[in-house]
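Some notes on the structure that comes next.
Taken together, the values in this text are just the output of simple stated rules run on the coordinates, not laboratory data. Because the structure is predicted, anything quoted here is derived from the model rather than measured. Cβ placement follows ideal geometry from the backbone for every residue including glycine, while neighbour counts extend to all protein chains displayed.
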Amino acid sequence: MPQTVENRPVPSNSPASTAPVRLDVWLDVACVFKTRSEAQRACKGGKVHVNGQAAKPHREIKPGDVIEVTRALGRRQRLVVRGTAGQHIAKAQARLLYEDTTPPPSPEEQAMLDLIRLAGPRRRGAPPATPDRRERRRLRREKEGED
């Protein structure tokens, strides 16, 4: 009997299952974070909650758990676990492991996010590179002219 993930049948050859898996592994496999170490840092930093409680990376999760991830600018992404996998799978299948129930931002919130995005972090110019041959010659001529 094929398992169901997000109310859709999963092919029997799919690695998705209902067995408990470590939280950091699942976050990596489900493509919520790029790497497992990034998922571990988020868990240790208190950015990940499972069923309303702060979660450590070694916590085991199972289908039905609700995961909240705090993203940049205080946005909270809410995911409902639909299946688990202990090894990397294709991104299309990884999206079937959870249901994203994050509410869309309110118009005021969206306006604020747009303003912050437009302002962006203040970036410094490129660090001064070492002068090339032409620039060194120009600097030498200027220096010799001062004497």
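Quick check on the chain: helices-only [θ] at 222 nm, where DSSP H runs of length 4 and up contribute -39,500 (n - 2.57) each and the sum goes over total residues. Nearest 500, please.
Value at 222 nm, helices only, nearest 500: -9000 deg cm²/dmol.
Sequence neighbours fewer than 8 away in the same chain don't count; with that in mind, list the lysines whose C-alpha is under 20 Å from LYS47.
LYS34, LYS56, LYS62
Can you tell me the orientation of helix 133-146 relative to the chain, as the angle in degrees between its alpha-carbon axis and the longest Cα principal axis, to the nearest 10?
That works out to roughly 40 degrees.
For the chain, just the Cα set please: Rg and Dmax, both in angstrom.
Cα-based Rg and Dmax for the chain come out at 24.4, 90 Å.
Length gain on complete extension for the stretch SER106 to ASP132, per 0.36 nm per residue less the alpha carbon to alpha carbon distance?
Numbers: separation 26, 0.36 × 26 = 9.36 nm, distance 5.23 nm.
Additional length available on full extension: 4.1 nm.
Sequence gap at least 6, Cα distance under 8 Å: using those rules, report the relative contact order of the chain to the nearest whole percent.
That works out to 21 percent.
Along the three principal axes, how long is the stretch 58-102 when you take its alpha carbons, biggest first, rounded to the nearest angstrom?
Between the extreme Cα coordinates on each principal axis of the stretch 58-102 lie 30, 23, 19 Å.
Around ARG136, what is the net charge, scoring Lys/Arg as +1 and Asp/Glu as -1 over all other residues with Cβ under 13 Å from its Cβ?
With Lys, Arg at +1 and Asp, Glu at -1, the neighbours total +3.
Within 10 Å, count the other beta carbons around each residue, average over each peptide in 62-71, 81-90, and list them highest first.
Highest mean packing first, the order is 81-90, 62-71.
Work out from phi, with θ = phi - 60° and the Karplus expression 6.51 cos²θ - 1.76 cosθ + 1.60, the ³J(HN,Hα) of each residue of the stretch 67-81, listed in order in whole Hz, and give x for Gly and Pro.
The phi angles translate into 10, 10, 10, 7, 9, 4, 6, x, 5, 10, 8, 10, 10, 10, 6 Hz.
With everything on Cα atoms, drop me the angle between helix 107-119 and the longest principal axis of the chain, reported from 0 to 90° to the nearest 10.
Relative to the chain, helix 107-119 is tipped by roughly 30 degrees.
Which one of PRO105, HIS58, GLY120 is farthest out on the positive end of the charge dipole of the chain, using unit charges on Cβ (Lys, Arg +1; Asp, Glu -1) and the Cα centre as origin?
It is GLY120, whose Cα lies furthest towards the positive end.
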